[in-house]
Amino acid sequence: MKVSIVTIGDEILIGQIVDTNSAWIAQRLNEIGLQVQKIYSISDTEEEIVRTLNRASQLTDIILITGGLGPTNDDITKITLAKFFKDTLQRNEEVLRHIKTLFQKFGAKKINKLNEQQADLPTKCKVLLNPIGTAMGMWFEENNKHFISMPGVPREMKGMMTDSVLPSLQSNYSEGVFLHRTILTQGVPESILAEKLFEWEASLPKQIKLAYLPSENRVRLRLSINGKDEFQLNEVLKHEIEKLNTLIPEHIYGEEKDRIEQRVGDLLRKNKSTVATAESCTGGYLAHLISSVPGCSKYFRGSVLAYDNKIKQDILGVKQESLKEYGAVSEQVVKEMAMSVKQMMGVDYALSTSGIAGPSGGSEEKPVGTVWAAIVGPNGVKAVKYQLGVERLSNIKRSASAVLLDFLHQLESDDKKIE
């Protein structure tokens, strides 16, 4: 069965709100083996609603509609659907009692005419009760096509989908199993990643679809598969992901919704280790990532933000000779920064950064985007150089994330030694 989603509301088209309903509905449908073919966002006009329903019903079998079911004059979905199906509205006494009960729970002794009219519904539809609102859902069936209208309020729509719509669709129209696994990579552009994975991608089973999903400082690799046997499908995905992990282990930091900073925190907490940072070019963003994890006070001691060279010398004890001979953006200086903050805060690990975020300040030897970072731990200190782009904010975020990824790999390595 092919599915389309129609979201109704001028507030979406003018950018006043973001259409989160379509994404949530598509995810839930996918989980029960139904794939969305089309998503429409349209205005609150009868002409546009009718045109879209005609178009959607020609291309798909199930049309899920959200929005336009409120009690005010600008909410015209219910009236338009009645006209579309050559139907009339009729007062539904069961729904009216339900609405009155809701208002009584809210402390209201009576309801006005607009709320009473929420109980006026087309006679041809199956009514979907809304347990937390006055806008009822409507399920029409005509010529083997299903039109399901729900409130646009996300909480009300989700309740209706979960309680009524999804169970019915799954029991009657589910077409096997759709599975997805998303591998998270960082530190490598999409084009280079595709080049590294060319042979692996070419050898993927035909039933697997691979998608590259790039964002500012990471690329997600989504593997999708469809079939009848969920266990067998999971085994196929597992096998391919194991191969992927051997090809680019240095770039992978997790799956699905994993966050590097969360995984770092988990390992630090597991081994009762602590960390601190000394930052220059990242301006505290590295500390921000680490401290964004709930419970980080168990392992994160603090940070020194040393932008000026005098602070590097006076607070962190970086040697004046190192700054003069090598410059603030150098392997020598970041190592001294990291070792100093480690000792100062009495931690097991310390991270440091120094670089040229841009847009100015670069040179032929050290162009904008040059960043040095160091990690010091129980087994010594190491430094790494990153060569990034020319956009300041991007360089700050990318360098902090890159350091954190290297730190994660360091913690994983140390954790294996402990085990």
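For the condition touching a Leu at 6+ places or on another chain (Cβ under 6 Å) and acidic (Asp, Glu), residue 120 qualifies. Evaluate region 394-417: report whether one residue or more is over 26 Å from the mean Cα position of the chain (by Cα) and among the hydrophobic types (A, V, I, L, M, F, W, C). No, region 394-417 contains no residue that is over 26 Å from the mean Cα position of the chain (by Cα) and among the hydrophobic types (A, V, I, L, M, F, W, C).
I'm trying to understand the selection: among the residues of region 237-252, which are closer than 21 Å to residue 30 by Cα and more than 25 Å from the chain's Cα centre (by Cα)? Those that are closer than 21 Å to residue 30 by Cα and more than 25 Å from the chain's Cα centre (by Cα): none in region 237-252. Tell me whether region 344-351 contains one or more residues that are among the acidic types (Asp, Glu), at pLDDT 95 or above, under 29 Å from residue 297 (Cβ atoms) and over 30 Å from the mean Cα position of the chain (by Cα). Yes - at least one qualifying residue is present in region 344-351. Only residues that are in contact with a Phe, Trp or Tyr (Cβ under 7 Å, 6 or more places away or on another chain) and assigned to a strand (DSSP E or B) were counted across region 175-223, and they come to 4.
Here the condition is being touching a residue at least 40 places away in the same chain (Cβ under 8 Å) and not in a helix (DSSP H, G or I); of 383, 373, it holds for 383 alone. Within region 264-278, residues that are closer than 13 Å to residue 375 by Cα and touching a residue at least 60 places away in the same chain (Cβ under 8 Å) sit with their Cβ atoms under 8 Å from residues that are buried (at least 24 other Cβ atoms within 10 Å of the Cβ) and polar (S, T, N, Q), at 6+ positions apart or across chains, in these pairs: 277/352; 277/353; 278/352; 278/353.
Would you check which residues across region 369-390 are surrounded by 20 or more Cβ atoms within 10 Å (Cβ to Cβ), touching a helix residue (DSSP H, G or I) at 6+ places or on another chain (Cβ under 9 Å) and closer than 16 Å to residue 402 by Cβ and list them?
369, 371, 372, 373, 374, 375, 388
Where helices (runs of 4 or more DSSP H) fall entirely within region 68-173, those with at least 1 residues that are under 20 Å from residue 19 (Cβ atoms) are at 77-84, 154-160, 166-173.
The residues listed here are 111, 62, 79; of these, the one that is touching a helix residue (DSSP H, G or I) at 6+ places or on another chain (Cβ under 9 Å) and under 24 Å from residue 174 (Cα atoms) is 62.
The values are calculated or read from the model by the stated rules, or taken from the named source; none is laboratory data. As the structure is a prediction and not an experimental result, all values here were calculated from the model. Every residue, glycine among them, receives a Cβ derived from its backbone with ideal geometry; neighbour counts consider all protein chains shown.
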